[in-house]
Amino acid sequence: MFTTEVIATFNELEMLLYKYIMKNTEKVIYMRIRDLSDETHVSTSTIMRFCRKLNCEGFSEFKVKLKLLSDEKPNVTIKSSQYVLAEFFERTQNEKFMSKLEDMASIIAKTETIIFIGFGSSGTLAEYGSRYFSSVGKFSIYIKDWFVPIHTDLNNSITIALSVSGESSFTLSHVQKLKEQGSKIFSITNNGQSTMAKLSDINISYYVTEEWIGSMNVTTQIPVVFILEEMARKVYEINREEKIDTNE
């Protein structure tokens, strides 16, 4: 009902009315037009013009549509992070998962450059991963500009791609470009059967239940932080032991 196009047509008084309705939806549903007029200090004729812009013949029809809109909003319950973390560790603390983590760390330890990519919240974690790996002595960069041209030889690099769904078109297009330039692709996704996982040389998946609030994916990213930090620490230990062996 309240589309961007319709909201753009609101004048100052209508915008004031809109903001009040959004903050007091449950209350407005049971108001008379005079009550709303008194509460918002706008005339009843302004309210009627507002209703017509929303394709409602009158205030009564507007209230019916507003109630239907309100009833559509899901009462979403989000799991405690403590529960999700326990679920993740129960599923992944096994030889197969840790072996894959160690394999990835061993390859990264021998690589000159690490490139991190991700979009949205995964982009935030990709930037964090880049900084964390750099902190333990491994040169890492995060590609923030999605339009940066990639025309160099990346044969001695590893790209670590982060994506919850493994289906982000932005991340997938960059993975393909980096792969074509010779970069080895590692990915961290929630689903091992995703397109991202299939494009990767090595994929590690954490399989936690995806959670959504409307169109927003609020799936926990705690497993990703653990995987990144654990991998970086293993890389540091491998490189430290190699230096000790060399000095001896």
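What the table shows:
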quantity	calculated
Total lysine pairs whose alpha carbons fall under 17 Å of each other in the stretch 81-247 (8 or more apart, or interchain)	17
Largest-first principal axis extents of the Cα set of the stretch 4-72 (Å)	28, 27, 23
Charged-residue dipole, Cβ positions (Lys, Arg, Asp, Glu), the chain about Cα centre, Debye nearest 20	720
Packing-based order for 2-12, 114-124, using average beta carbon neighbours within 10 Å, highest first	114-124, 2-12
Dipole axis of the chain (+1 Lys, Arg; -1 Asp, Glu on Cβ), positive-most option in PRO223, SER169, ASN24	ASN24
Debye log10 I(q)/I(0) for the chain, one point scatterer per Cα, at q = 0.09, 0.12, 0.15 Å⁻¹	-0.58, -0.77, -0.95
For VAL42, distant residues with modelled amide H under 5 Å away	none
Where only alpha carbons of the stretch 164-242 are counted, the Rg and the Dmax (Å)	14.5, 50
Gyration tensor verdict on the stretch 84-226 (Cα atoms; rounded if a/c is under 1.5, prolate if a/b is larger than b/c, oblate otherwise)	oblate
Farthest toward positive dipole pole in the chain [+1 Lys/Arg, -1 Asp/Glu at C-beta], among ASN191, THR209, ILE47	ILE47
DSSP loop trypsin sites (Lys or Arg not before Pro) with at most 14 other Cβ within 10 Å: longest gap in the chain	145-248
Percent RCO, i.e. relative contact order, over the chain, from Cα pairs under 8 Å lying at least 6 residues apart	15
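Coordinate-derived values only; no laboratory data. Values in this document were obtained by computation on a predicted structure and should not be read as measured data. With ideal geometry, Cβ positions are generated from the backbone for all residues, glycine too; neighbour counts draw on all protein chains shown.
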